[in-house]
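The structure under discussion appears below in the form of structure tokens.
The values are calculated or read from the model by the stated rules, or taken from the named source; none is laboratory data. Note that the coordinates shown come from a computational prediction; the quantities given were computed from them, not determined experimentally. Methodologically, a virtual Cβ is constructed for each residue, glycine included, from the backbone with ideal geometry; neighbour enumeration extends over all protein chains shown.
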Amino acid sequence: MRENNSKKKLFLNIVREDRAKNDVYPTPKCAIDSLLNNESFEGNIWECASGEGHISKILIERGFKVLSTELREDRTVFGEKGIDFFKEDRKVDNIITNPPFCLAEDFVIHAIKCTNKKVAMLLRVGWLESKSRYKIFKSTPISKIYIFSNRLPFYRNGVWYPSGASFNHAWYIWDKDYKEGLPKIDWLIHTNEIK
């Protein structure tokens, strides 16, 4: 028993040490293009974990009015710096983001409170399988899930790896006007375009 616990702790430490600083994993262009080519958004959009602006810049190019905020304050940040999303009570039409994985549940809950229309979160497909998230799924039903059939390019330590992440991603959509019950699921094939 003790040996298994030690191995588990060792594994967890390796995983934690291996993560990017501040859980920053930029979103490849093909991910946001795939979302926008399949899902419509009306009104303004808040990118509440904007990082270097990978999502925001594409939204602006597509003609959306975008609010970009980021907790970090370093020179690479796109948009308003030093903004703690969880302390914000702004109300917007939509939120589209790739949240830090370790805070994804909190981002979903707060984003739903801050929007009038839709929330789109880029998360792991495995995010669906959690006893702790059961209450979220029941109280704030998902309207659509767009699953990437091919893995997204992955950014690590300043380098893009087109071969993809070691796990699958999906766009999860919460639509306040959705009244049809269970979520609709669709599959996407992305172009592998990074920037």
_One residue from Leu71, Leu122 being more than 24 Å from Asn192 (Cα to Cα), buried (at least 17 other Cβ atoms within 10 Å of the Cβ) and at pLDDT 95 or above_ = Leu71
*Residue satisfying all of: in the range 162-180; crowded, with 17+ Cβ neighbours inside 10 Å and in contact with a Ser or Thr (Cβ under 7 Å, 6 or more places away or on another chain); nearest to Leu152 (Cα to Cα) among these*: Ile173
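Can you tell me which residues in the range 110-119 are more than 16 Å from Tyr146 (Cβ to Cβ) and surrounded by 14 or more Cβ atoms within 10 Å (Cβ to Cβ)?
We begin by selecting, within the range 110-119, every residue more than 16 Å from Tyr146 (Cβ to Cβ); these are 110-117.
Residues satisfying the conditions are His110, Ala111, Ile112, Cys114, Thr115, Lys117.
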*Scan of the range 150-194 for residues that are under 18 Å from Ile58 (Cα atoms), within 17 Å of the chain's Cα centre (by Cα) and not aromatic (Phe, Trp, Tyr), ordered by number*: Leu152, Pro153, His190, Ile194
*Odd one out for Asp84 among (1) free of Cβ contacts under 8 Å to residues at least 40 places away in the same chain; (2) out of contact with any Leu (no Cβ under 7 Å at 6 or more places or on another chain); (3) surrounded by fewer than 19 Cβ atoms within 10 Å (Cβ to Cβ)*: (2)
*Could you look through the range 150-195, keep only residues that are out of contact with any strand residue (DSSP E or B) (no Cβ under 7 Å at 6 or more places or on another chain) and of a type in the set (Val, Ile, Thr), and pick out the one that is nearest to Ile55 (Cα to Cα)?*
Thr191
_Test: Thr27 is more than 25 Å from Asp186 (Cα to Cα) and either buried (at least 19 other Cβ atoms within 10 Å of the Cβ) or in contact with a Leu (Cβ under 8 Å, 6 or more places away or on another chain) (or both)_ = no
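Name every residue in the range 33-54 that is of a type in the set (A, V, I, L, M) and either under 24 Å from Lys184 (Cα atoms) or surrounded by fewer than 22 Cβ atoms within 10 Å (Cβ to Cβ) (or both), in order of residue number. Steps first, answer last, please.
So the first thing to find is which residues in the range 33-54 are of a type in the set (A, V, I, L, M), and the list is 35-36, 45, 49.
Scanning the range 33-54 gives Leu35, Leu36, Ile45.
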*Please identify the pairs in which a residue from the range 92-103 that is within 18 Å of Leu128 (Cβ to Cβ) and in contact (Cβ under 8 Å) with a residue 40 or more places away in the chain has its Cβ atom under 9 Å from the Cβ atom of a residue that is surrounded by fewer than 24 Cβ atoms within 10 Å (Cβ to Cβ) and among the basic types (Lys, Arg), counting only partners at least 6 apart or on another chain.*
Phe101/Arg19; Phe101/Arg124; Cys102/Arg19
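Could you identify the single residue in Ser132, Ser149, Ser143, Ser139 that is polar (S, T, N, Q) and surrounded by 14 or more Cβ atoms within 10 Å (Cβ to Cβ)?
On the way: Ser132 fails: surrounded by 14 or more Cβ atoms within 10 Å (Cβ to Cβ); Ser149 fails: surrounded by 14 or more Cβ atoms within 10 Å (Cβ to Cβ); Ser139 fails: surrounded by 14 or more Cβ atoms within 10 Å (Cβ to Cβ).
Only one candidate passes the filter, namely Ser143.
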